[in-house]
Structure formats: C-alpha cells, structure tokens
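Enquirer: Below are the structure tokens for one structure; questions will follow.
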C-alpha cells in the first residue's frame, strides 16, 4: 500500500498531501525555498496558494528572501487557470452567485468558491470555515475589482459556482 505523506501548512494549519505544498528548509539559521523537496534539512510546509504565500511573507519568524517568495508566487501563477475568462463567459448563466450574502444564502447548492485575494481577513476566515463545514472546494483568485468587473459591479468579494460539472471543470 503506497500512500503519499500528509503535511500541515505552517500558515493556515490545513493538512494536505506533501505534493500539494511548498517545502521550506532552515540551513544555518537561514530559511530557503526547497523547490525539488530534496534538501537535507528539517522542512516546514506552506500551501500552494497566493493567500498562504502572502501571509508567509509577513511572518516574523520565518524570513524568506524576496527571490524565494517570487519563485513560489510564479509557480502558483503558472498552475492556476484563467478563471476570469471562464467566469466572464458564464456571467449571465444561473450557475453563478456573487457577493457574500447571496453565496451564504445559496451555500447548500454551491460546489466551488472563488474568493478575492484582497478580501478582509475576517470575511476570509468566515467563508473558509463555511466552505469546510459544507465540504466545498475553494480558491483565492483575482482582486475584488477584477471579480466585480465580471458582473459590472465596483467590487465583488466572492463568487459561488452552483453547477457540479462547471465546478469539476474548474477544480481539475
């Protein structure tokens, strides 16, 4: 039986497969990004999301170089799909809910959440808790203004996808 090891993200404390996380090692008091996960040192792990990388950059204990943070951000950017263009084509469909109030009302019918990267931390924690309780996958993507532009609004914090097929297509 071959199973992949699970690790806990240093920032959000979420348990994930080792392959879904970045590895950071400490060598002689200096923290470095272990891109290939092969350096011989004790490692800590961080989610491959913009939100966790942003919060890691503000961490006082783990002081990563800007170059390493940039490498991590570029890796995340390459891996992400262009959700904005997908949402733009679907904006008039009944598969989308936008805004915190509308999404919380429809939470039982939602299968995937797109959360703005610049959402307030209080709302972010509330939405992530709601998503975990209802077993909904989510991603932090784009700014409030970018998400709002899809629906011709000044700002949108959150978009919910109601269709299982569309949600599956966005997560794979």
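Taken together, the values in this text are just the output of simple stated rules run on the coordinates, not laboratory data. In this text the structure is predicted, and so the values were computed from the model without any measurement. Please note: Cβ atoms are built from the backbone with ideal geometry, for glycine as well, and neighbour counts cover all protein chains shown.
Enquirer: For the range 83-171, give me the percentage of DSSP beta bridges that are antiparallel, rounded to the nearest 5 percent.
Expert: That works out to approximately 65 percent antiparallel.
Enquirer: Run the quick spin-label model on residue 75 and residue 8: label points 7 Å from Cα toward the beta carbon, then report their separation in nm to one decimal.
Expert: Output for this residue pair reads 2.2 nm.
Enquirer: Can I ask one more? According to the Cα gyration tensor, what semi-axes, each the square root of 5 times an eigenvalue, does the equivalent ellipsoid of the range 124-165 have, listed from largest to smallest in whole Å?
Expert: Working: eigenvalues 87, 34, 12 Å².
So the equivalent ellipsoid measures 21, 13, 8 Å along its semi-axes.
Enquirer: Over the alpha-carbon set of the range 54-116, divide Rg by the Kirkwood Rh and report the Rg/Rh ratio to two decimals.
Expert: For the range 54-116, the value is 1.13.
Enquirer: How big is the convex hull of the Cα atoms of the range 83-171, per residue, in Å³?
Expert: So the per-residue Cα hull volume is 82 Å³.
Enquirer: Could you list 106, 124 in order of exposure, starting from the residue whose Cβ has the fewest other Cβ atoms within 10 Å?
Expert: 106, 124
Enquirer: Restricting to the chain, what percent of DSSP beta bridges are antiparallel, rounded to 5?
Expert: In the chain, DSSP labels about 80 percent of beta bridges as antiparallel.
Enquirer: Please compute the length gained on full extension between residue 164 and residue 135, using 0.36 nm multiplied by the number of residues separating them and subtracting their Cα-Cα distance.
Expert: Answer, rounded to one decimal: 9.1 nm.
Enquirer: Candidates [x] 54, 42, 27; [y] 62, 26, 26; [z] 55, 31, 25; which is the computed Cα extents along the principal axes in Å?
Expert: [x]
Enquirer: Mind checking which of 63, 101, 36 has the largest fluctuation in a GNM of the chain, springs on alpha carbons under 10 Å?
Expert: Of 63, 101, 36, the most mobile in the Gaussian network model is 36.
Enquirer: Would you mind listing how long the range 6-79 runs along its three principal axes, going by Cα atoms, in whole Å with the largest first?
Expert: 30, 25, 21
Enquirer: Right, here's the next one. Nearest 10 degrees, 0 to 90: what angle lies between the long axis of helix 66-79 and the longest principal axis of the chain (Cα atoms)?
Expert: Here the helix axis deviates by roughly 40 degrees.
Enquirer: In what sequence do 88, 121, 155, 51 fall when counting other Cβ within 10 Å, fewest first?
Expert: Going from least to most buried by this count: 121, 88, 155, 51.
Enquirer: Can you sort 38, 6, 75 by how many other beta carbons sit within 10 Å, fewest first?
Expert: On the way: 38 8, 6 12, 75 15.
Final ranking by Cβ density, sparse to dense: 38, 6, 75.
Enquirer: On C-alpha positions alone, give me the angle between the axis of helix 121-133 and the longest principal axis of the chain, in degrees, nearest 10.
Expert: Compared with the principal axis, the helix lies near 80 degrees.
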